[in-house]
1. Give me the residue from the range 655-704 that is of a type in the set (Ser, Thr, Tyr) and more than 32 Å from the chain's Cα centre (by Cα) and, out of that set, surrounded by the most Cβ atoms within 10 Å (Cβ to Cβ).
2. I need the full set of residues from the range 89-112 which are among the charged types (D, E, K, R) and in a loop (DSSP other than H, G, I, E, B), in order please.
3. Of the residues ASP758, ASP739, only one is closer than 21 Å to ASN188 by Cα and free of Cβ contacts under 8 Å to residues at least 40 places away in the same chain; which?
4. Looking only at the range 663-699, count every residue that is among the charged types (D, E, K, R) and within 24 Å of PHE589 (Cα to Cα) and tell me the total.
5. Out of (1) surrounded by fewer than 16 Cβ atoms within 10 Å (Cβ to Cβ); (2) within 27 Å of the chain's Cα centre (by Cα), what's the single condition that is false for PHE343?
6. Any residue at all in the range 373-381 that is under 20 Å from LEU571 (Cα atoms), surrounded by fewer than 22 Cβ atoms within 10 Å (Cβ to Cβ), at pLDDT below 95 and in contact with a Ser or Thr (Cβ under 7 Å, 6 or more places away or on another chain)?
7. List every residue pair whose Cβ atoms sit under 6 Å apart, with the two residues 6 or more apart in sequence or on different chains, where the first one lies in the range 302-320 and is among the hydroxyl-bearing types (Ser, Thr, Tyr) and the second, anywhere, is outside any strand (DSSP E or B).
Amino acid sequence: MGVPAFFRWLTKKYPSIIVNCIEDNPSTDAQGVYHPLDETRPNPNGIEFDNLYLDMNGIIHPCTHPEDRPPPKNEDEMMILIFECIDRLFSIVRPRKLLYMAIDGVAPRAKMNQQRSRRFRASKETVDKTEQMEKIKNEIRANGGLLPEDKNQQEKSEHFDSNCITPGTPFMSKLADCLRYYIRHRMNSNPAWRAIKIILSDANVPGEGEHKIMDYIRRQRAQPDHDPNTHHVLCGADADLIMLGLATHEPYFTIIREEFKPNKPRPCDICGQSGHDMKECKGIAKEKFGKHDELIAAKNYGETRYIFVRISVLREYLYRDLEIHYQLPFQWDLERAIDDWVFMCFFVGNDFLPHLPSLEIRENAIDRLIRIYKDNIPKFKGYLTENGIPNMERVEIILTSIGRMEDEIFMKRHEFDQQQRQRERNRSNNYQPPNKRLRSTTERNEPVALPVWMAAPQLEPQPIGQRPTSYISNPAQANVQLRHMQRIDFSANDRPKKRGHDEVEQETPNTPILEQQDSINNEEEENDPNDTVRLWEEGWRERYYKNKFNVSKADLEEFRIQVGQNYARGLCWVLQYYYQGVPAWDWYFPYHYAPFASDFLQVRDVPVLFDKKTKPFKPLEQLMAVFPSQSRKFLPIEWQSLMMEKESSIIDFYPLNFCVDLNGKRYEWQGVALLPFVDEKRLHRTLEHVYPTLTNEEQIRNQRDYDRLYIHSSDLCYDYFKELYVPGENQVTRKNPLDMPIMLSGGMAGQIWPDDDDKIKPIGTLIKPPLPNCEDIINNQVICVKYRDLSFDDDYIFKAKLLENVSMPPATLKPRDYDQVTPYRPNLGFAQRPQYQRDFAPAQRFIRHSMGSQQSYQQQQEPGGYYPQRQPDRYYSQHQPDGDFPQRQSGGDYPQRQSDRGFSQRQSDRDFSQRQAGEDYPQQQPGGFYPPRQPNTGFRPRHPDSGFRPRSSDGGFRPRQPDGYYSQRHQNPYNSYRPNY
């Protein structure tokens with residue numbers, strides 16, 4: 001979502017929504033036997049999740065071109081990294097019902113404009129960066145610096161173009177094939193995978209990945225068999241996932257994402273070392289550890305950590321922020337208030353509209369919107385939105401209220417920017433006044449600072465086995481010389497010396513000139529030359545529309561109303577997209593800049609509905625609409641010429657050079673790429689002439705497709721699914737879709753029909769891997785069908801409310817009116833009790849080892865991760881009448897314990913007191929052993945008021961059994977797991 005710093009602001013304002021993920025790792029025992037992770041065991045985070053949804057583009061991009069570590073060498077390594085990332089996420093979440101993998105397909109036209117801007121800008125930055133790197137390298141070589149060894153021509157040709165992560169490219173087609181193999185392999189080999197259903201929505205299915213997931217959840221909620229207490233987990237790094245999670249009105253919704261680490265250091269692109277930027281590189285070669293520097297990679301690049309974002313806790317925070325403490329003319333509803341909060345966040349920014357100039361997330365714009373909203377809601381006699389459709393009359397009141405504050409907002413922003421620039425200047429000058437600043441005279445063309453060993457040839461490192469070029473006759477003298485050179489700054493040979501009093505007196509007349517020059521420089525820095533609008537000065541509105549829209553003052557009033565109405569209609573489109581699905585595939589905002597909040601003068605009559613009969617682009621058509629000419633290699637040969645030939649009717653869609661307007665920002669990535677909008681009709685007319693040239697493989701990449709549903713042969717729906725295929729052959733029995741058997745599918749609804757003939761993998765066959773070094777699937781037990789969500793009429797409205805019979809999660813935040821006498825115990829995770837240690841396997845293995853048991857951990861553990869109760873004859877047999885302590889049995893177990901009371905004291909002739917009268921004191925047995933504690937005097941169950949005990953399924957306390965063990969837990973699909981204390 002196009003809201004810079006939104007997640008940072010959200011977590012700072014609402015810190016309790018974040019929970020660190022608890023991960024289990026595979027283990028290796030003392031004998032060196034590797035024990036893989038058993039994902040069928042209870043979730044270590046203290047809660048059981050039902051459905052896991054993966055926004056795959058948030059996984060694909062970090063795995064293919066990471067920013068903080070060396071990139072993969074080829075596409076095969078990229079696929080393996082994607083597999084490993086999915087494995088790790090699955091082991092953290094451990095879904096029990098469904099895994100949904102969604103790859104971005106063809107996006108709506110409103111999103112395609114942003115995709116076009118990103119891809120053009122990425123290509124331009126790559127070209128500019130390559131030219132800049134070559135220039136810096138030449139200067140470093142000319143000045144005697146060192147550079148890492150140049151890559152050979154083959155490595156240069158294998159540069160990964162991230163623009164290929166777009167529907168319709170060969171890379172996305174290969175990724176879909178690899179994921180199909182990956183799903184079948186995991187379901188055939190992993191017990192935790194075969195117990196769930198898996199849906200794969202690849203790039204040929206239209207729609208953005210996260211919105212395909214939301215559409216699935218919306219349609220499942222609309223059918224009566226849906227479980228309202230389903231636990232959802234959505235994986236993705238975009239901020240709009242938080243909005244989408246709130247828009248579902250599902251109380252058990254969680255987002256898992258990578259831990260946010262601001263200002264992560266990035267290595268230099270020339271030498272690969274950290275600590276400096278590419279422009280500051282001096283050409284000192286990096287020492288490699290291994291051929292590909294792989295030995296030090298594990299040390300420098302730490303493993304990424306994951307966190308949970310709890311939407312249920314965010315709902316508690318929003319309840320406190322949005323609650324109205326005075327009488328309203330209507331009943332206050334939290335669900336409706338949350339919808340209004342989501343809608344107001346769109347004013348700050350989103351992926352489909354430019355944000356309003358007067359609203360910045362760093363200036364607490366959302367808090368300002370909440371205050372305005374709470375001040376005006378009594379006048380509304382209702383809410384801003386209902387089921388994703390806004391009331392434009394009330395929206396106009398909110399926007400005009402912001403418009404009355406714009407002058408004050410722009411003035412405060414300018415004052416803050418001036419203060420920020422002044423702090424940066426003071427920091428760069430070490431807080432010294434202008435007349436005492438040390439001005440550096442070192443330029444790029446002057447000699448660079450060299451290491452000490454380069455200035456002292458006798459200390460230069462030499463290859464192993466070769467004699468040094470310069471012999472050190474006196475090591476002590478060389479050591480003194482080295483220390484002396486370490487005190488010298490070789491880059492400051494021309495630094496001005498301290499001036500005497502006479503020199504200062506002679507230069508006194510020139511001092512005002514220096515101060516005047518400093519004041520000129522300060523004025524130039526305070527007034528950014530790229531900012532031609534100057535919103536803090538009078539006449540800012542006329543300058544804005546003249547510079548950004550090229551509109552004269554005479555046409556200003558009519559034009560600003562027109563832009564405001566288009567933007568208001570865009571707000572309606574975005575809100576419906578989040579709550580009802582795609583309103584129209586062909587709509588987009590036809591301007592590069594947004595209007596001011598004070599320009600929404602006549603928006604109450606703006607139509608809020610759209611034509612849902614429109615169709616999305618096909619994959620190759622989208623490539624032609626969003627790709628620059630530098631990425632044409634991913635297109636068919638005949639289509640590439642349309643981007644290059646001057647006679648092409650669409651050559652104006654692909655400019656080689658374009659302007660990036662900073663629009664008052666400081667960095668280029670924050671600017672606006674001024675690209676021409678694509679004429680959809682002209683594009684389609686041009687492509688009609690080249691469609692016949694497509695090959696079969698290109699036609700498959702260009703078609704619109706459906707989701708794939710995978711189940712194991714042990715699933716209850718297997719007998720129903722297998723009727724679609726001829727046993728053992730790549731043939732189908734019917735082409736028409738069938739309704740999902742809801743009674744067998746666990747409440748999952750939709751329609752299914754056979755997969756394509758070339759993708760059918762019959763049960764029991766051998767499946768070859770698409771990647772080298774991957775194993776074959778010997779006996780396939782997975783069946784795949786095409787899947788489609790429930791269908792509804794175009795005018796159907798999905799209700800934005802809580803479902804009936806929903807059980808709300810317990811409150812997590814500290815109550816405002818909690819009793820100070822009663823101790824408050826905060827929740828440190830998902831479970832309602834503190835997260836103490838729950839894995840008792842190491843302790844039990846230690847006890848068994850000390851007792852000499854030969855039974856392994858796997859033999860003692862029952863399926864599901866629990867341990868059986870102790871049997872009466874498991875460890876000890878009856879005591880022998882002659883008093884001898886029994887020896888171990890052949891299986892390594894001890895005989896059963898005796899039935900006297902408690903621990904016995906040691907026998908001794910000197911140092912123990914006599915027991916009570918009438919009781920026989922046990923004697924020490926031969927070998928120094930003593931009778932152990934008896935089973936009928938084990939630990940008594942604690943009273944409920946004296947401590948905590950694990951709860952049973954009915955909510956009560958579970959007492960221990962007479963033999964000292966807890967009774968077996970009862971499985972509950974909703975947060976039933978309680979740790980042993």
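The values are calculated or read from the model by the stated rules, or taken from the named source; none is laboratory data. Note that the structure is a prediction, hence the values are computed from the model and not measured. Every residue, glycine among them, receives a Cβ derived from its backbone with ideal geometry; neighbour counts consider all protein chains shown.
1. THR686
2. Correct list: ARG94, ARG96, LYS97, ASP104.
3. Unique residue meeting the criteria: ASP758.
4. Final tally of qualifying residues: 7.
5. The failed condition is (1).
6. Checking the range 373-381: at least one residue is under 20 Å from LEU571 (Cα atoms), surrounded by fewer than 22 Cβ atoms within 10 Å (Cβ to Cβ), at pLDDT below 95 and in contact with a Ser or Thr (Cβ under 7 Å, 6 or more places away or on another chain).
7. Correct list of pairs: TYR306/CYS21; SER312/PRO251; SER312/PRO809; TYR317/TYR14; TYR319/LEU334.
The rows are residues; the columns are (1) part of a helix (DSSP H, G or I); (2) at positive phi; (3) buried (at least 20 other Cβ atoms within 10 Å of the Cβ).
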| site | (1), (2), (3) |
| --- | --- |
| GLU48 | no, no, yes |
| PRO62 | yes, no, no |
| PRO66 | no, no, no |
| ASP87 | yes, no, no |
